[in-house]
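Chemist: Right, I'll just put the structure down here and ask away after.
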Amino acid sequence: MKLNYASDREAVDGLSALYREFSTEAAKVVVGQSQAVQSVWMALLANGHCFLVGVPGLAKTTLVQTISSVLDLSFNRIQFTPDLMPGDITGSEILDQNRAFKFIPGPLFANMVLADEINRTPPKTQSALLEAMQERQLTVGGQTHRLPSPFFVLATQNPIEQEGTYPLPEAQLDRFMFQIRMQYPSLSEEIQVVRQTTSSIPALPNKVMDGETLLFFQQLIRRMPVTDHVLEYAVQLAASTRPGSEQARDFTKDLVQWGAGPRASQYLVLGAKCHAATHGKYSPDIEDVKAVAHEVLAHRMVLNYKAEAQGLQADDLITRLL
């Protein structure tokens, strides 16, 4: 896809128009879930990863497959199970017919990787995925292998059944830019889902951009200017989740055990840039920071027993902080 923008402002206008095309094409397959579609789009622009939480049957896999198709990106799905080993996802070295070692790439070598039910695999395999997410490379047999660019992991977790699972450590959760909570569809949306999925005519979305174009817009997002007061607001918002900081509110000190780290501040600013550009703005404001606050902060806060006794969740406290 050829890009002939005279300036960054013109490129932002083009990005906003592309998002409208993207959401229209994605909606041909993914009914409803418009917020989730927008959040995945913004994470892609920021070169971040997403953590999808939702009960089975809410189109998590379909969402990722559709987005990879609309963006013309390669896609692999990995079903995480208790017996999955690191080599099963990274690839391994084998002896070829000439008795020389040859590396066979695993399913992580794709632009978009769906890590389905990531909490059902042991920490050894989770750590292999962690290197891929953070470094965009894998080390197998002492050799380093670069992953395709762009590279994006979208992990899912079923919040209902936790028996026999391996909860993700905070360090790994922190690597995900957004935690996206998938919601049940409305009645009219569910009727459309059933009508669409029980007919003989498949919905086929058109491609609107490719990986090279996505990489261009990722650089555009990095170049977007941010005013000092927006930057300071994002940092202070992240700091206000930490019970030991000067910015902490009284209820934060009373209900939160651990708050969000500096990576949250970075993702608040990047997410605000993506939200602004998606909606045709040339620079983010405080409202853009607020728009991504829940998805950036919720999985980075650990509440204490007092909050659990009151039935509170991180989202409730973030609402109060905003």
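Chemist: List every residue pair whose Cβ atoms sit under 6 Å apart, with the two residues 6 or more apart in sequence or on different chains, where the first one lies in the range 186-209 and is touching a residue at least 12 places away in the same chain (Cβ under 8 Å) and the second, anywhere, is among the aliphatic types (A, V, I, L, M) and assigned to a loop (DSSP other than H, G, I, E, B).
Modeler: Glu189/Val31; Gln192/Val31; Val193/Val31; Ala203/Val29; Pro205/Val29; Met209/Met1; Met209/Leu71
Chemist: Considering only residues that are without any contact (Cβ under 8 Å) to a residue 60 or more places away in the chain, touching a Lys or Arg at 6+ places or on another chain (Cβ under 9 Å) and crowded, with 17+ Cβ neighbours inside 10 Å, which ones fall in the range 131-159?
Modeler: If the condition is that a residue be without any contact (Cβ under 8 Å) to a residue 60 or more places away in the chain, touching a Lys or Arg at 6+ places or on another chain (Cβ under 9 Å) and crowded, with 17+ Cβ neighbours inside 10 Å, then Leu138, Leu147, Phe151 are the ones that fit.
Chemist: Here is a follow-up. Would you confirm whether any residue within the range 89-106 is within 16 Å of the chain's Cα centre (by Cα) and either modelled with pLDDT of 90 or more or not basic (Lys, Arg) (or both)?
Modeler: Checked against the condition, which is being within 16 Å of the chain's Cα centre (by Cα) and either modelled with pLDDT of 90 or more or not basic (Lys, Arg) (or both), the range 89-106 yields no hits at all.
Chemist: Further, regarding this structure: Do we find a residue being at pLDDT below 85 and touching a strand residue (DSSP E or B) at 6+ places or on another chain (Cβ under 9 Å) anywhere in the range 308-320?
Modeler: Checking the range 308-320: at least one residue is at pLDDT below 85 and touching a strand residue (DSSP E or B) at 6+ places or on another chain (Cβ under 9 Å).
Chemist: Looking at the range 214-230, can you tell me whether even one residue there is under 29 Å from Asp288 (Cβ atoms), among the aliphatic types (A, V, I, L, M), at pLDDT below 90 and buried (at least 16 other Cβ atoms within 10 Å of the Cβ)?
Modeler: The initial filter retains those residues of the range 214-230 that are under 29 Å from Asp288 (Cβ atoms), namely 214-230.
Pick out the ones that are also among the aliphatic types (A, V, I, L, M) and you get 214-215, 220-221, 224, 226, 230.
Now restrict to residues that are at pLDDT below 90: none.
No.
Chemist: Pairs please, first residue from the range 227-244 and in the same structural domain as Glu287 (by TED's automatic domain parsing) and outside any loop (DSSP other than H, G, I, E, B), second anywhere and surrounded by 14 or more Cβ atoms within 10 Å (Cβ to Cβ) and among the hydroxyl-bearing types (Ser, Thr, Tyr), Cβ atoms under 6 Å, 6+ apart in sequence or on different chains.
Modeler: Ala234/Ser265; Val235/Ser265; Ala238/Ser265; Ala239/Ser245
Chemist: Same structure, new question: Scan the range 146-169 for residues that are modelled with pLDDT of 85 or more and farther than 20 Å from Val55 by Cβ and jot them down.
Modeler: Across the range 146-169, the qualifying residues are Arg146, Leu147, Pro148, Ser149, Pro150, Phe151, Phe152, Val153.
Chemist: If you check Leu3 against the conditions, is it modelled with pLDDT under 90 and of a type in the set (A, V, I, L, M, F, W, C)?
Modeler: Taking the combined requirement at face value, the residue satisfies it.
Chemist: Inside the range 1-13, can you point out the residues that are over 11 Å from His279 (Cα atoms) and of a type outside the set (Phe, Trp, Tyr)? Break it down into steps so the answer makes sense when it comes.
Modeler: Looking only at the range 1-13, we keep the residues that are over 11 Å from His279 (Cα atoms), and these are 1-11.
Met1, Lys2, Leu3, Asn4, Ala6, Ser7, Asp8, Arg9, Glu10, Ala11, listed by residue number.
Chemist: In addition: Taking Ala277 as the residue in question, decide whether it is in a helix (DSSP H, G or I) and closer than 18 Å to Tyr5 by Cα.
Modeler: When the stated conditions are applied, Ala277 passes them.
Chemist: Only one residue in Arg249, Arg300 is surrounded by fewer than 24 Cβ atoms within 10 Å (Cβ to Cβ), touching a strand residue (DSSP E or B) at 6+ places or on another chain (Cβ under 9 Å) and of a type in the set (D, E, K, R), so which one is that?
Modeler: After applying the criteria, what remains is Arg300.
The values are calculated or read from the model by the stated rules, or taken from the named source; none is laboratory data. Computed from a predicted structure; not experimentally measured. Neighbour counts run over all protein chains shown; Cβ positions are idealised from the backbone, glycine included.
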